[in-house]
Amino acid sequence: MEELQTLSKAMDVLMWIANKGGEARASELEAEVGLSRSSLYRILGTLRNKNFVESSGGGVYRLGFGVLSLGLLAGDKDGVGEAVKLILGELTEQTGETSMLTAVSYPDAVCVARVESHRSVRLSFEVGRRMPMCAGASGKVLLMGMSDDGLKHYLADVAKAGILDRWRMTESDIFQQICDARGRGWLSTFSEVDEDAFAIGAPVYDTSGICRYGLSIAGPIGRFEEAPFVSYLQAAADRISGALFET
């Protein structure tokens, strides 16, 4: 019986985070779900281990990759998953480049869907592949959805872990890059992850304006065309948002 009660409370925690737009403070959860602080953190720890929630820093928790994956699988029953794949396929046809949908699996980004270019020279990404959010547009686009405090906390984490050294970047450089990208609504990178390759990404928002996914295309630098790629990318991101979140 105690296990069932704990499971019920864990579901309450997930539903409360979802009803708050996918992100909530631990102090809010403690008060609203009716849990002691120790019980709440035990549940959050278990949910983090299963990738159902992730810490955004500062006592803030957001829905994790496990929930997002279940959402895509559930959507397949209504043709939503197929609609997303169709949009990715059309984006790849328009640009000639590999397209992918990424989600946060803190501290990484993970590819949850992709359609590869049919060209002989192309970038390949497998579904489930993890990548750093601090390098390449497919990961960095997800940083655009973080608050300034959340972004600073993330950058401090990856700097402490030595990840930024690998990519020869500083916290201030990335912070400024993300702030600039928010103003444009998209972000591009060149040779950050793969030599002589570009990536360009745009956020996919839910109806409350929270970034849930990142949509990106990637290919050889010599084929990069900013104006048409940005136009196709943002239109596709809007369509995916409508398919996933609008009723």
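The values are calculated or read from the model by the stated rules, or taken from the named source; none is laboratory data. None of the values given here were measured: they were computed from a predicted structure. Please note: Cβ atoms are built from the backbone with ideal geometry, for glycine as well, and neighbour counts cover all protein chains shown.
Computed values, structure above
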| item | result |
| --- | --- |
| Tally, over the range 220-241, of residues that are within 10 Å of Phe198 (Cβ to Cβ) and either in contact with an Asp or Glu (Cβ under 8 Å, 6 or more places away or on another chain) or part of a helix (DSSP H, G or I) (or both) | 6 |
| Residue check for Gly89: over 30 Å from Arg42 (Cα atoms) and modelled with pLDDT of 90 or more | yes |
| Leading residue by the ranking (farthest from Val115 (Cα to Cα)) among those in the range 200-220 that are crowded, with 21+ Cβ neighbours inside 10 Å and over 15 Å from the mean Cα position of the chain (by Cα) | Gly219 |
| Any hit, the range 212-227, residues being of a type in the set (Ser, Thr, Tyr) and either closer than 17 Å to Gly136 by Cβ or touching a Pro at 6+ places or on another chain (Cβ under 9 Å) (or both) | yes |
| Tally of residues being under 23 Å from Ile210 (Cβ atoms) and at pLDDT below 95 across the range 145-182 | 14 |
